[in-house]
Amino acid sequence: MPSPARLLHDQPIEQRIDALLALSHQHAKHFGSPGAWLARERYLAKHPTNILVMKCMDGRIHIPHATRTPLGIITPFRNLGGIFHLGWPYLGELVSEAVTSAAKRGSASLMMITYHFSRGERRRGCAGFQCDVEAAKAHAYRLAEQADALFGHERHHVYPLVCGFETDRDALILHGENDKTLDISTWIGHSRDDLAAALADVCPDMPADIRRDVLPLLEGNLAHVTALEGATRELDIEHREWVICIGRGFDFLHLPNTALIIGPYEPDLAKPIGTAAAIIEANMRSGRIPDDGFMLLASTPYHQNGVDRARAELKSHFLSDFAEGVITQQHPELAAKMHRHTAVVHWPTRELHTLSPRR
Ligand SMILES: [Zn+2]
């Protein structure tokens, strides 16, 4: 059966946009259901470690799905290639705020710093690093060093963990001390105790409470990888993205090869926007997607009505205008096919509210 993402690619742009917005409403409905709410509450009560994931904007990298973790537990940060610098003003603030508020609750933080690659085919790797897995890994290690500088080299309260994600099998590869690795795809058939022992061996300096809360991610990933064994998977070799997302709050959008998601973190935002536009233009030129249009979706999460929501609206409009300016300047032909959609997301319910165009 073709995946929803694949079905979508051939539709006219208006229908693709409607389907995408319907997906966001479905996501909010599920997120707000009693069962999903209880699952999150119970999970957090048992596993209070604050989990942050730094990852690529590539839609194949869906850590909650691949680790069978309820949605809303893991805080994702997404950017082109998973490229970040903790010195970036806004990013540094968000990360240290998340760490500080967890510490005040008595919880430690795990920072999963991910890179991705494909074992079967090099060109299914990360476009942000021209598919060079060693360069992507080196960047992840640099980010881990920045986390150490920020939160303490002893790693008692914040543990930066470099993780590979092998997209052919959706398997995590943990990089521990002394170049030791734990590749989940090689642990099929093993028990929870075996995994716990392997984790202790690979990351001996990981505090016990963080180790307790990493283990369910590894167990979930092992179950996911095991379930995929032997199944025919569409590996979605080619780029077919037709949406550029700018901002935050795109949890619902985890369809492979559909959207390029740019977090508002990099001081030189024009760079990832230009790269994303170039990818969409190439997709149209090669006929991988229809050339009748693409979507520019800007979103900002907010928690409360009043100033918080007003600022979110202002931010979304700014991001949308900024992206339009960059695309118009760098890719004028593509800009003529742009369908702008500007929104804010009520974070506690994940409801997406569309804003009317600003005069
Ligand atoms: Zn990537």
On a 0 to 90° scale, report how tilted helix 34-46 is relative to the longest principal axis of the chain, with both axes built from alpha carbons and the result rounded to the nearest 10.
40
Of 320, 185, how do they rank once you tally other Cβ atoms within 10 Å and put the fewest first?
185, 320
Relative to the first principal axis of the alpha-carbon coordinates of the chain, what is the inclination of helix 192-202, with its axis defined by its Cα atoms, in degrees from 0 to 90 and to the nearest 10?
90
With axes computed from alpha carbons, what is the tilt in degrees of helix 133-151 against the longest principal axis of the chain, rounded to the nearest 10 within 0 to 90?
70
Cα-centre dipole for the chain with unit charges at Cβ (Lys and Arg positive, Asp and Glu negative), debye to 20
760
For the range 1-92, rounded, prolate or oblate, judged on the Cα gyration tensor with a ≥ b ≥ c (square roots of eigenvalues), a/c < 1.5 rounded, else prolate if a/b > b/c?
oblate
Can you run phi through the Karplus equation (6.51, -1.76, 1.60; θ = phi - 60°) for the range 265-276 and list ³J(HN,Hα) in whole Hz, with x for Gly and Pro?
9, 5, x, 9, 5, 4, 5, x, 5, x, 5, 4
What ranking do 131, 56 get, fewest neighbouring Cβ atoms within 10 angstrom at the top?
131, 56
Could you let me know the centre-to-centre spacing of the range 134-206 and the range 272-338, using Cα atoms, in angstrom?
34
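Where does the chain land at 222 nm, in deg cm²/dmol rounded to the nearest 500, when only DSSP H runs of n ≥ 4 count, each adding -39500 (n - 2.57), divided by all residues?
Values: 11 runs with 154 residues, N = 359.
Estimated from H runs of four or more residues: -14000 deg cm²/dmol.
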Could you list log10 I(q)/I(0) for the range 139-277 at q = 0.19 Å⁻¹, which the Debye formula gives when each Cα is one point scatterer?
-1.21
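For 193, 201, which order do you get if you count the other beta carbons within 10 Å of each Cβ and list the fewest first? Could you put the intermediate results ahead of the total?
On the way: 193 8, 201 12.
Final ranking by Cβ density, sparse to dense: 193, 201.
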Taking a crude spin-label model, label points 7 Å out from Cα along the C-beta direction, the residue 307 to residue 142 distance in nm is 3.7
Gyration tensor (alpha-carbon) shape descriptor, the range 57-183, a/c threshold 1.5:
prolate
Relative to the Cα centre, what is the charge dipole magnitude of the range 231-359, using +1 at the beta carbon of each Lys and Arg, -1 at the beta carbon of each Asp and Glu, and rounding to the nearest 20 debye?
320
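Under the classification rounded if a/c is under 1.5, otherwise prolate if a/b is larger than b/c and oblate if not, where does the chain fall, given a ≥ b ≥ c as square roots of the Cα gyration tensor eigenvalues? Provide the component values of the computation, followed by the final result.
Values: a/c = 1.59, a/b = 1.36, b/c = 1.17.
Cα axes put the chain in the prolate bin.
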Rounded to the nearest 5, the percent of antiparallel DSSP beta bridges in the chain equals 25
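Throughout, read-outs are computed from the coordinates displayed, never taken from laboratory work. Please read all numbers here as calculations on a predicted model, not as lab measurements. Virtual Cβ from ideal backbone geometry, glycine too; neighbours counted across all protein chains shown.
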